[in-house]
Amino acid sequence: MDYIANILFVILLVLGIGYFTRNIRKVIRNIRLGRDIDRSDRKNERWKQMAKIALGQTKMVRRPIAGILHLIVYLGFIIINIEVLEIIIDGVFGTHRVFSFLGSTYNFLIGSFEILAFLVLITVVIFWIRRNIIRLKRFLSPEMKGWPKMDGNVILYFEVVLMLLFLIMNAADFKLQLLETPHYYDPAGVMGSFPISQFIKPQFDNMAVSTIILIERTAWWLHIIGILLFLNYLYFSKHLHIMLAFPNTFFADLNPQGSLDNLEAVTNEVMLMMDPEADPFAAPAEGSEDEEPAKFGASDVTDLNWAQLLNSYTCTECGRCTSECPANQTGKKLSPRKIMMDTRDRLQEVGDNIDKNGSFVDDGKQLLNDYITPEELWACTSCNACVEACPVSISPLSIIIDMRRYLVMEQSAAPTDLNNMMSNIENNGAPWPFNQMDRLNWKDEA
C-alpha cells in the first residue's frame, strides 16, 4: 500500500508544480508585452542591490515594528522550505526524516524550524490585528476594498494553518518515535529536536498508536497540500512579490532619483530640426531609428517598458508609497499604490484577452481613463517619495511620467496652468507672463 501513497504524492506534486509553472509562464509573457529596455548594465551594482534590498530587507526595516515582524515571516518562509524539501523526498521514496543522518545539525535545524514556526504564528496574529482590529490607515484606502483586503487576510490564514499543521505533525511524530513505532522509530535515538511541539505531544498520551499515526499522516498530507495550494495561490495574489522582489530589485533603475529619461523619438526629432543638411520632408526608411514613432508616452500597458510591468506584478500593496505621498496626504486622488495595482489589473486583463483569443483583440479599454484618471496623474508632484519608500524598489513615478507625456504630446491635454507656462516659455523665454524687456522692472520698484 505504501507505493500507492508514493504514486499519489508524485501525481499531486507534478500537478501542483505544473499548474504553478503554467501560470508563471503567463506572468513572464505578460511582462514581455512591454517595450524593450536595457537593464543589463552595472551588473555588480545590481547584484549588490538585490542582496541588500530583496535578500537583506534593508528598506523594510526602516519602519522597525512592521519591518521586524515581516523579517520573521520572511525568514520563516525561506528557512522552513528546507523542511519542505525533506517532505518531498520522504513522499516520493517513502522514507522517514531522510535528512536525519545529519545528526546534531539535523536536530538544530528542526528545533530552529519549530521556533520560527511559533514566531511566525505570533507575528501573523499581530498582522491580522493591525489589519482588522487596529485598522491602520494605509490599509483603509479605497483601492484596498474587496479582493485586495480579502487577499491580505487569506494569506495570513494560510500561514496559520501551515504552521499549526507543521507543529502537530512534529508532535505526533515525536510521540510515535518515543513509542518505538515501526517506520518512525530509529534505534539510534529520537530524530529531531522539538522545543515547541513537545508541549503538544501530551495531547496524544491516551491515544491508540493507530490514531496517532492517522493524525500524523493527516497533518503531513494537509501540510504538503497546503504548501502546493499556497504556491499556486501566489499567481492570483499580491504575494507574487515573494519571488519577483529579487528580479525587480536587480533590474531597478540605478540612475539618481529625480533624473528623468528623454524620449529617444523626441531627441531624434530635435536633432533633425537642428541639422542644416537634413531634409525634414524625407520619408524615413521603414524600421530605421528615424521612423516616426507610433505613440509618444503611454496610454496602455503595452506602451510601458517591461521593467515597469515587472514593477506592477511585484507590488506588495503595503501602502508605504501612498502613506508617504504628499499629494495623497493633502486629500488629492493620487495613490501611488493604486497606480501599481491598476497597472497590474489592466495587464492581467490584457493577458486574459490573449489567452482567450490567441492574440490581443481590441477591447475598447486602456489603462488611461478606464483605470487611471488624468486627475490622479496631474496630482503628482514628482517628488520621488513613493520610490524612496517602496521596500522592493518599485517606481510608480515612471508610469505617471510616461502617461503624462502621452496626455501632453499626443492629446495636448495638459492642465491650463501648465499650458500657460509652456506658452510663456515659448514666447517670453521664462515661465512668467512678462515681456523679456520688462523682466528687471522689479528692481526699480524695490
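Relative contact order, whole percent, for the chain stands at 19, derived from Cα pairs under 8 Å and 6 or more residues apart. The convex hull drawn around the Cα atoms of the chain, when projected onto a plane and averaged over every direction, covers 30.8 nm². Annotation for the range 19-89: trypsin sites (Lys or Arg not before Pro) lying in DSSP loop with at most 12 further Cβ atoms inside 10 Å of their Cβ are Arg32, Arg42. The heavy atoms of Trp220 present about 20 square angstrom of accessible area, all protein chains included, probe 1.4 Å.
In whole angstrom, how far apart do the alpha carbon centroids of the range 384-418 and the range 58-78 sit? Answer, in whole Å: 30. Atom-type composition of the exposed protein surface of the chain places 62 percent of the accessible area on carbon and sulfur (1.4 angstrom probe). Taking a ≥ b ≥ c as the square roots of the eigenvalues of the Cα gyration tensor, the range 37-89 is classed as oblate, since a/c reaches at least 1.5 and a/b does not exceed b/c. For Glu445, the accessible area of its heavy atoms, probed at 1.4 Å with every protein chain present, is near 150 square angstrom. Solvent exposure of Ile65, expressed as accessible area, is near 120 Å², computed with a probe of 1.4 Å over the protein chains only. Computed on protein heavy atoms with a 1.4 Å probe, the accessible areas place Asp253, Asp151 in the order Asp253, Asp151, largest first. Accessible area per residue (1.4 Å probe, heavy atoms of protein chains only) ranks Tyr235, Tyr3, Tyr157 as Tyr3, Tyr157, Tyr235, with the largest value leading.
Ranked from largest to smallest solvent-accessible area, with a 1.4 Å probe on the protein heavy atoms, Thr330, Thr314, Thr211 come out as Thr330, Thr211, Thr314.
Calculated accessible area for the range 30-182 comes out at 52 Å² per residue, all protein chains present (probe 1.4 Å; ligands, DNA, RNA ignored). For the range 216-282 versus the range 296-312, the spacing of their alpha-carbon centroids is 9 Å. Taken as entire DSSP H runs, the helices of the chain that both span 24 Å or more between Cα atoms along their own long axis and average 1.0 or more on the Kyte-Doolittle scale are 2-31, 64-93, 104-132, 147-178, 209-233.
The values are calculated or read from the model by the stated rules, or taken from the named source; none is laboratory data. All of these numbers come straight from a predicted model, not from anything done at the bench. Cβ: placed from backbone, ideal geometry, glycine included. Neighbour counts: every protein chain shown. Accessible surface areas use protein heavy atoms only, side chains included; no ligands, DNA or RNA. Shrake-Rupley method; radii C 1.70, N 1.55, O 1.52, S 1.80 Å.
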